[in-house]
Amino acid sequence: MKIKGERTMDATSFDYAGYQPKGDKKNSEFFETYRHKIYERRQSSGIDDNVGHMKAMIVQVEAGDGVATMAEIHRMTPNRYHSSYISQTHKLHVLHTKPEFPALIIKEPLSSNYEDYIKRLNVLYPLARQKPNTRYVGEIFDCSDINTVRKTLEDQSIRFEYPGDTENALYTSENILFSTISDFTGNRVGYSAGDFNDPASLSLGEPYHLTDEEKAQLAKGVAFAETHGLNELMLGYDHMATRILAGEREDAILEFLTMVPYYFWGAYNIQDMNSSTNVNRCPTVSDDKQSPAKVFTANNTPSFVNSFENLPMPTENFVRNYGRRMHHMAVEVEDGDHETGQKNVDYVVGILGQEGVPFLAHVVGECKDSPDLKQIFSKHSQHTLLITEYIERCKAFDGFFTKSNVAALTEAAGKDERYQHGHVFD
């Protein structure tokens, strides 16, 4: 089944009231009522005018893992190192792709003994404990005035960090406003009027310089990508997917829509995996990589009810094992046929595999004479715990995903994310 979806590029002309979400996932009357109320309130309260596109994504890794993480990212994505900064608690490394795409910030505690909400949350989940300080943190969105955003959203019961609330001063920076973590997703939303192409202006800390040995590690990844022509084929992040609990799907979407000028594109049941995929997109970009889509995936039935049905539930099992958190980030691959006779995504995955990058399964999807998708998941990164997806939208494919591909990818990931506890093997 191909899922089609037209895009509207002009914010002033996007018909929030008239837009009919795609998909076969039935939403509640509560969801439909408040979805429209949230759109209306965003416009009337000024959030749609004040908040813009995604400007940065933040991932925290373990102390000492920063350079190895960036070296991995250099091999596996088009992100390239820009600069580093050091605060009282963290090193922060900024990576860029194109100026119009969000930056990627890797932050690492200065000490393995560092503890904040990330460690306290991770130790609750059996497969997250192995990397107690490792977690995708959230996104930062462009805005014209963070004080106005704070006042407007606090009036709508959104909570933000204040000095003294958190051990990490980044979350109470003068230049970046951060929400507290979402009860539904474990992610934060940030806002900034700063220029992430000029991170020195953001007051992230004192400039920090990598050693020659560390620079050489990063250069090796860049050289690998350039030697094999991956730089031209890997374009940028297309979307990112957070896994959440079955009963919190609608709440997570509505909370996110309250805070940023995205719209609910649609939701589809993935029957084979007993889950749904729920897509939210930015209406003011012509290319999702300028402000990547936010996807939420959830079981259709909670685990305790599913025990009656005995259906697959890899999505819920992931949450039980790792907690509510980001599951994967998707890199778009240039559409086309490689000179080797393969589709570009097959070539990219083949080269990465030769370099030792492990993948969960074969590339799924067909790209022949009609528009289609080809996709694959890497295994979880040992540094970030995130999966990297590679996706090629062939022949101007106009939808966002296909059910069959999502089912295959979900199944493959589920087999790799299992945890045996007593007599429960999930």
### Message
For a test of the definition: using alpha carbon positions, the gyration tensor, and the 1.5 limit on a/c, classify the chain as rounded, prolate or oblate.
### Response
rounded
### Task
Report the label-to-label distance for GLN382 and ALA17 in nanometres (one decimal), using points 7 Å from each Cα along the Cα→Cβ vector.
5.7 nm
### Summary
So, relative contact order of the chain in percent, Cα under 8 Å, 6 or more apart, is 19 percent
### Query
Are there cysteines in the chain with no second cysteine's Cβ under 4.7 Å away, and if so, which?
CYS143, CYS282
## Note on the structure
Taking the chain and counting helices only, DSSP H stretches of n ≥ 4 at -39,500 (n - 2.57) each over all residues, the nearest-500 ellipticity at 222 nm comes to -8000 deg cm²/dmol
### Message
Mean-square fluctuation check for the chain, GNM, Cα pairs under 10 Å: which of GLU255, GLU29, GLU366 is largest?
### Response
GLU29
### Query
Once fully extended, how much extra length lies between GLN342 and VAL123, figured as 0.36 nm per residue of separation less the alpha-carbon to alpha-carbon distance?
74.5 nm
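Values quoted throughout were computed directly from the atomic coordinates according to the rules given, and no laboratory measurement underlies them. Since the model is a prediction, treat every value here as computed from it, not as a measurement. Reconstructed Cβ throughout: ideal geometry from the backbone, glycine too, with neighbour counts over all protein chains shown.
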